[in-house]
Number of protein chains: 2
Amino acid sequence: MTESNSRLAPRLRLKAGDTIALGPGKAQLLELIQHHRSISAAARALKMSYRRAWLLVDTMNTCFKSPLVFTATGGSQGGGAELSEEGQKVLKLYRQYEKAVAERPELTELAAMLSDESTL
Amino acid sequence: MTESNSRLAPRLRLKAGDTIALGPGKAQLLELIQHHRSISAAARALKMSYRRAWLLVDTMNTCFKSPLVFTATGGSQGGGAELSEEGQKVLKLYRQYEKAVAERPELTELAAMLSDESTL
């Protein structure tokens, strides 16, 4: 994330109907799954239960036309997971979107109106 | 809010440190206070307790250099409230920001990747 407006950090949630299809937490989970190639390792890195991480993945996989995360059973490492091509694209678009949103001039104007205490 | 990408609705929260200085709920509260010239009427319109509305206003007033909402005691209508010049400016900037964010091309691309069910 850019720090150009670090006094005000925009957090972007994308709602599809009543469901949050994507937001800061889900994007971070995707990133960690990509890095660790494992849902359970990603969950541990986020201090989140495996069940919760799995449910977040399931929500994303359901929201999008194609699954964003694939899992494999078996293997000496107990399976593993990876982002599909769509998962990689969604993550990249979300990060680009966050960056563009963080660089908007309205944010700079709003940040300049903050009191000094509100950065604590 | 624009409906140009209605299948994915971005929700924008602005965090100053650990505090949400502004988000969809607070912006709507400001708008209703401007309309009703009363915190309690705005709270009723949002089916929110007066206490909760007052706390949200207090958070905003503390986050920004100048208070966004002024209240008056007494009077035949039991006081009343109005947005300060800064409050009006913050609300306008936030709405402009929301509009710009809703019109980003990344959102169109992400929305096109959603499954048909996820608009329900």
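The values are calculated or read from the model by the stated rules, or taken from the named source; none is laboratory data. Nothing here was measured: the structure is a model prediction, and the numbers come from that model. Backbone-built Cβ (ideal geometry, glycine too); neighbour counts: all protein chains shown. The accessibility values were calculated without ligands, DNA or RNA, using every heavy atom of the protein model including side chains. Shrake-Rupley method; radii C 1.70, N 1.55, O 1.52, S 1.80 Å.
Some observations on this one:
- Of every Cα-Cα pair in the stretch B:13-120, the percent that sits beyond 17 Å: 59
- Rounded tilt (10° steps) of B:24-36 against the dominant C-alpha axis of chain B: 50
- Taking 7 Å steps out from each Cα toward its Cβ at B:Asp58 and A:Thr108 produces label points 3.5 nm apart.
- Note that the protein assembly as shown presents 54 Å² accessible area per residue, ligands and nucleic acids not counted, probe 1.4 Å.
- For a label point 7 Å along the Cα-to-beta-carbon line of B:Arg37, residues of the stretch B:81-113 with backbone N under 13 Å: B:81-83
- Mean shadow area of the protein assembly as shown, taken as a quarter of the surface of its Cα convex hull (nm²): 14.4
- Gap separating the Cα centres of the stretch B:30-46 and the stretch A:18-95, nearest whole Å: 41
- Taken across both chains, chains B and A shield about 3500 Å² of accessible surface from a 1.4 Å probe.
- Simple label model, 7 Å out from Cα along Cβ direction - B:Lys47 to A:Tyr50, nm: 4.0
- When +1 charges are put on Lys and Arg Cβ atoms and -1 charges on Asp and Glu Cβ atoms, the dipole computed for the protein assembly as shown relative to its Cα centre reaches about 520 debye.
- Cβ-based net charge around A:Ala53, under 12 Å, with every Lys or Arg adding one and every Asp or Glu removing one: +4
- Projecting 7 Å from Cα along the Cα-to-Cβ direction, the label point of B:Lys99 sits 2.7 nm from its equivalents in the other copies, listed shortest first.
- Residues B:Arg95 and A:Lys92, FRET efficiency given R0 of 22 Å [Cβ-Cβ distance, rounded to 0.05]: 0.15
- Placing +1 on the Cβ of every Lys and Arg and -1 on the Cβ of every Asp and Glu, with nothing else charged, gives chain B a dipole about its Cα centre of roughly 420 debye.
- Cβ-vector label at 7 Å, B:Pro24, separations to other copies in nm: 1.6
- Label 7 Å beyond Cα on the Cβ vector: B:Thr71 copy-to-copy distances, nm: 4.9
- For chain B, relative contact order (Cα pairs under 8 Å, six or more residues apart, normalised by length) works out to 31 percent.
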